[in-house]
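**Q** Questions regarding the structure given below will be posed in turn.
The values are calculated or read from the model by the stated rules, or taken from the named source; none is laboratory data. All figures in this text were calculated on a predicted structure; none of them were measured in a lab. For neighbour counting, all protein chains shown are included, and Cβ atoms are generated from backbone atoms with ideal geometry for every residue, glycine included. Quick note on the areas: whole protein, heavy atoms, side chains included, nothing else; ligands and nucleic acids left out. Shrake-Rupley method; radii C 1.70, N 1.55, O 1.52, S 1.80 Å.
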Amino acid sequence: MILSIESSCDDSSIAITDIESKKLLFHKKISQEIDHSVYGGVVPELASRLHAVALPNILKECEPFFKDLKAIAVTNEPGLSVTLMEGVIMAKALALSLDLPLLGIHHLKGHVYSLFIEQEIAFPLTVLLISGGHTQIMEVSSFNDMKVVAASSDDSFGESFDKVAKMMGLGYPGGPIIETLAKEGDANRFDFPIPLAKSPRMEFSYSGLKNAVRLAVESVEVDGVVAKQDQCDIAASFQKAATAHLLQKTKKYLKQKSRKGGTFAIVGGASANLYVRSAFEGLCESFAMTTSFAPLKYCSDNAAMIGRAAIEAYHENMFVSIDALKIQPKSPL
């Protein structure tokens, strides 16, 4: 079995995964969303302190599995440095005390492997990763062969949802809030621009759209308050434009690659958005591609996906010494 730890941002999570069967034997996640919601976003130092409390409490429940462990895996890149450190320190302590090898797992690879929790892998894949920190298209052939072919030049898809929610004083995380409001809104009321619509560049950008939303919010707010229906209409119009940007650039890429058939997967916390899932099912159908999504409970950061990726790293003998395991807060895939 492998014990895996995830602490790259604001979710404290530990999992135990059987190496041979891929079965998830234990998984627990403690979210910090309520603690950060009053600030409209994640406060790194607060997140670190909360991990220092939550992770040891979860670990106590894993003690019955200690005797059967073969390795300790931990997210060590990318993420918030002060929160990554909490997981890495715990992983090193466990490896030393239990005399077990260490595996450092890249967080974005973990999201790819969220597709295969308790399942066998099925590569190759074209993957769209959308989360609070990343928006990118990848071609994935194996654990060690993942190529980023398009990425965001500024804000990520998920980050833009958080910031739009914050503009209207709606709290954190913004993704679920905006998606819920959008269901009651008029997506055609605000004609927000689709980013880079006429640009040939294969990249994503959400800073301009975010600014357009800010101007719309200022135009309807009264004494700093945005009426409920205005919130819903802004949310729906924003979600429509933000998703259209993803669709346009993905369609451009698939056309450039003359892609027909195969599997297109969407992973990351923002892949839980059902509006996005529905939109991409239609796009992929036009390219005769099968769509694949991680179960909703594994879209956001979790140790189960880190454990599944760790199985592949284990078979590749990608062990690292305690001294050599470092955190890489801004490490690209």
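**Q** Please enumerate the residues belonging to segment 51-88 that are under 22 Å from GLU316 (Cβ atoms), part of a helix (DSSP H, G or I) and of a type in the set (Asp, Glu).
**A** Selection gives ASP68 alone.
**Q** For segment 110-119, enumerate the residues that are open to solvent by 10 Å² or more (accessible area, probe 1.4 Å) and in contact with a Leu (Cβ under 7 Å, 6 or more places away or on another chain).
**A** Of everything in segment 110-119, those that are open to solvent by 10 Å² or more (accessible area, probe 1.4 Å) and in contact with a Leu (Cβ under 7 Å, 6 or more places away or on another chain) turn out to be ILE117, GLU118.
**Q** Assess whether LYS240 counts as being open to solvent by 20 Å² or more (accessible area, probe 1.4 Å), within 25 Å of ASP186 (Cβ to Cβ) and among the basic types (Lys, Arg).
**A** yes
**Q** Can you tell me which residues in segment 10-52 are of a type outside the set (D, E, K, R), under 18 Å from the mean Cα position of the chain (by Cα) and within 17 Å of GLY307 (Cα to Cα)?
**A** If the condition is that a residue be of a type outside the set (D, E, K, R), under 18 Å from the mean Cα position of the chain (by Cα) and within 17 Å of GLY307 (Cα to Cα), then SER12, SER13, ILE14, ALA15, HIS27, ILE30 are the ones that fit.
**Q** From the list SER21, SER4, SER13, SER48, pick out the single residue that is part of a loop (DSSP other than H, G, I, E, B) and polar (S, T, N, Q).
**A** Just one listed residue meets the conditions, SER21.
**Q** For segment 16-50, give me each residue that is open to solvent by less than 50 Å² (accessible area, probe 1.4 Å), within 29 Å of ASN317 (Cα to Cα) and either touching a Cys at 6+ places or on another chain (Cβ under 9 Å) or aromatic (Phe, Trp, Tyr) (or both).
**A** From segment 16-50, those open to solvent by less than 50 Å² (accessible area, probe 1.4 Å) are 16-19, 22, 24, 26, 32, 36-37, 40-44, 46-48, 50; that's our starting set.
Still in the list and also within 29 Å of ASN317 (Cα to Cα): 16-19, 22, 24, 26.
ILE16, PHE26 - these are the residues of segment 16-50 that are open to solvent by less than 50 Å² (accessible area, probe 1.4 Å), within 29 Å of ASN317 (Cα to Cα) and either touching a Cys at 6+ places or on another chain (Cβ under 9 Å) or aromatic (Phe, Trp, Tyr) (or both).
**Q** In the list LEU103, LEU98, which residue meets the criterion of being modelled with pLDDT of 95 or more, touching a Phe, Trp or Tyr at 6+ places or on another chain (Cβ under 7 Å) and either closer than 30 Å to GLU139 by Cα or surrounded by 20 or more Cβ atoms within 10 Å (Cβ to Cβ) (or both)?
**A** Unique residue meeting the criteria: LEU103.
**Q** Got a sec? Which helices (runs of 4 or more DSSP H) wholly within segment 120-228 have at least 3 residues that are loosely packed, with under 15 Cβ neighbours inside 10 Å, out of contact with any helix residue (DSSP H, G or I) (no Cβ under 6 Å at 6 or more places or on another chain) and at pLDDT 95 or above? It would help to see each step written out before you state the result.
**A** Numbers: elements: 157-167, 174-182, 207-220.
Once the helices (runs of 4 or more DSSP H) in segment 120-228 are filtered for at least 3 residues that are loosely packed, with under 15 Cβ neighbours inside 10 Å, out of contact with any helix residue (DSSP H, G or I) (no Cβ under 6 Å at 6 or more places or on another chain) and at pLDDT 95 or above, what remains is 207-220.
**Q** Of the residues that sit in segment 24-45 and are among the small types (Gly, Ala, Ser) and not in a helix (DSSP H, G or I), which one is nearest to LEU84 (Cα to Cα)? Show your work before the answer.
**A** Let us first name the residues in segment 24-45 that are among the small types (Gly, Ala, Ser), namely 31, 37, 40-41.
When the remaining residues are screened for being not in a helix (DSSP H, G or I), the result is 31, 40-41.
Values: SER31: 15, GLY40: 21, GLY41: 17 Å.
Checked segment 24-45; the qualifying residue nearest to LEU84 (Cα to Cα) is SER31.
**Q** Still on this structure: Among the residues of segment 270-300, write down those that are without any contact (Cβ under 8 Å) to a residue 60 or more places away in the chain, touching a Phe, Trp or Tyr at 6+ places or on another chain (Cβ under 8 Å) and assigned to a loop (DSSP other than H, G, I, E, B).
**A** Hit for segment 270-300 is PHE287, nothing else.
**Q** Next up: What about ALA212, is it within 18 Å of ALA165 (Cβ to Cβ) and touching a Lys or Arg at 6+ places or on another chain (Cβ under 7 Å)?
**A** Against the criterion (within 18 Å of ALA165 (Cβ to Cβ) and touching a Lys or Arg at 6+ places or on another chain (Cβ under 7 Å)), ALA212 does not qualify.
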